[in-house]
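Enquirer: Got a structure here, written out as C-alpha cells. Questions coming.
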Amino acid sequence: MKESFDIKVPSNPRMMQLVRKTIAQACEMVGFSEREVHAVTLAVDEGCTNIIRHCYQGSETGHIVIRVRLYDDKIEIILRDFGDEIDVEKLRKCVKKMKRKLKRSGSVRPGGLGVMLIHSIMDKVHYKTSQDSGTVLRLVKYLSDAREKEIASNSTA
Amino acid sequence: MQVIVQHDKNTAVISISGDVDLYSSPEMRKAITQLSKKKVPLIVVNLKDVDYMDSSGVATLVEGLQLTGKYKGCFRIACLKPTVWEVFELARLDRVFEIYETEEKALKVSPL
C-alpha cells in the first residue's frame, strides 16, 4: 500500500459534496480515468447515502468514517457507520431483484438504485454488519489493466 | 442547486443547475410534484447545468415519469451531460426515459 487516510463526517447529506471531492482526488492520485473517477465517486456517495437513509434513518447526529487506501493498481474504500444493523441477505436479494427488473425496460421503480449502482461500478463489494458495531462496507476498484489480471488469476485459482 | 420553473397551461420546463444528490434532490422533487399535481401535459427537465447526479436524483426523475404517466402526461429529459448520461446508462434507464439533446427538441416533438 502506498498511502492511506481516514476522514470522519457527520451523517448529514450536505457533507456529501466534501466526500465526493476527496474521493475524486484520491482516485486521480491512483491514476483512474476521468470516467472511472466519476464512477467510483458515485459509488462512494451511494454508500454514504444508504448509510444516512437506512443505518441512521435520516438522523444527522451519526458519523461515517471513510478509510481510503491507495495502491499502485487499485483503490480500496471502507465506509463504517455506527447505526442500525442491516440485513445483508435482504440486500443481496434486493440487488438480484433490481438487476432482473432493470433488464425489463419500463418496469423500473425508484428504490434500490443506489445499491445496484455500487455493484455495477465497483469490482469488489463486501458488507460486514453487527448489532454492536454497525456496518462496514468495503469497496475495491482496480485500474483497468490490474482488473484483467485479477479476473485471470481468479479464473485459474 | 438551483431550480427554475417556467410553465404555461400545456408545457413546463424545469431547469436545474448544480449537483443533484440526497441533499438537493427534494427541491427538484417539489417542482416535479407541484407540476404533476396541476396535470401539466408536458414536463421537460433541462439538465444542461448539472454535472453530477446520484440515485436520489435519478429516483426523483423516475417518480416524475410515474406521476405524469398517471394522467397520461409526457415527462422528458433534455441536455444530459456525459457524466449524468453515464448514471442513466449504469442504472439502465437510458431506454426508459424520453431523452432529448436540446430543450427545443424536447418541447417540439409530439407526444409518443
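The values are calculated or read from the model by the stated rules, or taken from the named source; none is laboratory data. What you see is a predicted model, and the numbers here were worked out from it, not measured in a lab. Virtual Cβ from ideal backbone geometry, glycine too; neighbours counted across all protein chains shown. Only protein heavy atoms, including side chains, enter the accessible area calculation; ligands, DNA and RNA are left aside. Shrake-Rupley method; radii C 1.70, N 1.55, O 1.52, S 1.80 Å.
Enquirer: Using a 1.4 Å probe on the heavy atoms of the protein chains only, list every residue of the stretch A:5-42 that has 40 Å² or more less accessible area in the complete assembly than in its chain alone.
Expert: When all protein chains are present, A:13, A:14, A:20, A:35, A:38, A:42 each give up 40 Å² or more of accessible surface.
Enquirer: Pop out the Kirkwood hydrodynamic radius of the protein assembly as shown from its pairwise C-alpha distances, inverse of mean 1/r, in Å to one decimal. Kindly include the intermediate steps, with their values, before the conclusion.
Expert: On the way: mean 1/r = 0.0512 Å⁻¹.
Kirkwood hydrodynamic radius for the protein assembly as shown: 19.5 Å.
Enquirer: Carbon and sulfur together cover what percent of the accessible area of the stretch B:2-105 at a 1.4 Å probe radius?
Expert: 51 percent
Enquirer: Rounded to the nearest 100 Å², what is the buried accessible area between B and A, both sides summed, probe 1.4 Å? Show your work: numbers first, answer last.
Expert: Working: alone 6610 and 9550 Å², together 13930 Å².
Buried area between the two chains comes out at roughly 2200 Å².
Enquirer: Moving on. Looking at the stretch B:2-105, send over the antiparallel percent of its DSSP beta bridges, to the nearest 5. List each step's numbers first, then the result.
Expert: Values: 6 of 21 bridges.
In the stretch B:2-105, approximately 30 percent of DSSP beta bridges are antiparallel ones.
Enquirer: Now for a different question. Tell me the Rg and the Dmax, in Å, that the Cα atoms of the stretch B:1-52 produce.
Expert: When restricted to the Cα atoms of the stretch B:1-52, Rg and Dmax are 10.8, 31 Å.
Enquirer: Also: Which value in Å does the Kirkwood hydrodynamic radius of the stretch B:2-105 take, with 1/r averaged over all unlike C-alpha pairs and then inverted? Could the numbers behind the result be given before it?
Expert: Working: mean 1/r = 0.0751 Å⁻¹.
Radius from the Kirkwood sum: 13.3 Å.
Enquirer: Let me have the 222 nm mean residue ellipticity of chain A computed from DSSP H runs of 4+ only, each contributing -39500 (n - 2.57), with the sum over all residues rounded to the nearest 500. Intermediate results must be reported in sequence, preceding the final value.
Expert: Numbers: 5 runs with 70 residues, N = 157.
After summing the helix terms and dividing by the residues of chain A, the value is -14500 deg cm²/dmol.
Enquirer: How many angstrom lie between the Cα centre of the stretch A:1-48 and the Cα centre of the stretch B:65-112?
Expert: One Cα centre to the other: 28 Å.
Enquirer: Take peptides A:118-125, A:2-9 and line them up by average Cβ neighbours within 10 Å, highest first, as a rough protection proxy. Could you put the intermediate results ahead of the total?
Expert: Values: A:118-125: 18.0, A:2-9: 11.8.
The peptides rank, most packed first, as A:118-125, A:2-9.
Enquirer: Once phi is turned into ³J(HN,Hα) by the Karplus curve 6.51 cos²θ - 1.76 cosθ + 1.60 with θ = phi - 60°, what whole-Hz value does each residue of the stretch A:66-74 show in order, with x for glycine and proline?
Expert: So the J values, rounded to whole Hz, are 10, 9, 10, 10, 9, 10, 5, 10, 7.
Enquirer: Also, I was wondering about something else. How large is the charge dipole for the stretch A:1-83, taken about the Cα centre, if only the Cβ atoms of Lys, Arg (+1) and Asp, Glu (-1) carry charge, to the nearest 20 debye? Show your work: numbers first, answer last.
Expert: On the way: 11 positive and 12 negative charges, 49 e Å.
For this selection, approximately 240 debye.
Enquirer: Which residues' amide hydrogens lie under 5 Å from the amide hydrogen of residue B:51, considering only partners 5 or more residues apart or on another chain, with H built in the peptide plane?
Expert: Result for residue B:51 returns B:18.
Enquirer: Also, quick follow-up: Give the average, rounded to an integer, of partner chain Cβ atoms located within 10 angstrom of each Cβ in B:51-64.
Expert: Shielding by partners across B:51-64 averages 5.
Enquirer: Here's another thing I want to ask about it. Enter the accessible area per residue of chain A (Å², integer; probe 1.4 Å; all protein chains in place).
Expert: Details: 8460 Å² over 157 residues.
Heavy-atom SASA per residue in chain A reads 54 Å².
Enquirer: Using the alpha carbon gyration tensor of chain A, what are the three equivalent-ellipsoid semi-axes (square root of 5 times each eigenvalue), largest first, in whole Å? Show your work: numbers first, answer last.
Expert: Numbers: eigenvalues 111, 90, 47 Å².
Taking √(5λ) for each Cα gyration eigenvalue gives 24, 21, 15 Å.
Enquirer: Per residue of B:23-34, count partner chain C-beta atoms within 10 Å of its C-beta, then hand back the mean as an integer.
Expert: Details: counts 8, 4, 1, 1, 0, 0, 0, 0, 0, 0, 0, 0.
Across B:23-34, the average partner-chain Cβ count within 10 Å equals 1.
Enquirer: Rolling a 1.4 Å sphere over the protein heavy atoms, what is the accessible area per residue of chain B, to the nearest Å²? Don't skip to the end; give the middle numbers.
Expert: Values: 5460 Å² over 112 residues.
Per residue, chain B has an accessible area of 49 Å².
Enquirer: Further question on the same structure: Looking at the protein assembly as shown only, what percent of DSSP beta bridges run antiparallel? Nearest 5 please. Show your work: numbers first, answer last.
Expert: Values: 35 of 50 bridges.
The answer is about 70 percent antiparallel.
Enquirer: Still on this structure, I have one more. Residue B:74's amide H: which non-local residues (gap 5+, or another chain) put their own amide H closer than 5 Å, with H modeled 1.01 Å from N in plane and none for Pro or chain starts?
Expert: Here B:42, B:43 satisfy the definition.
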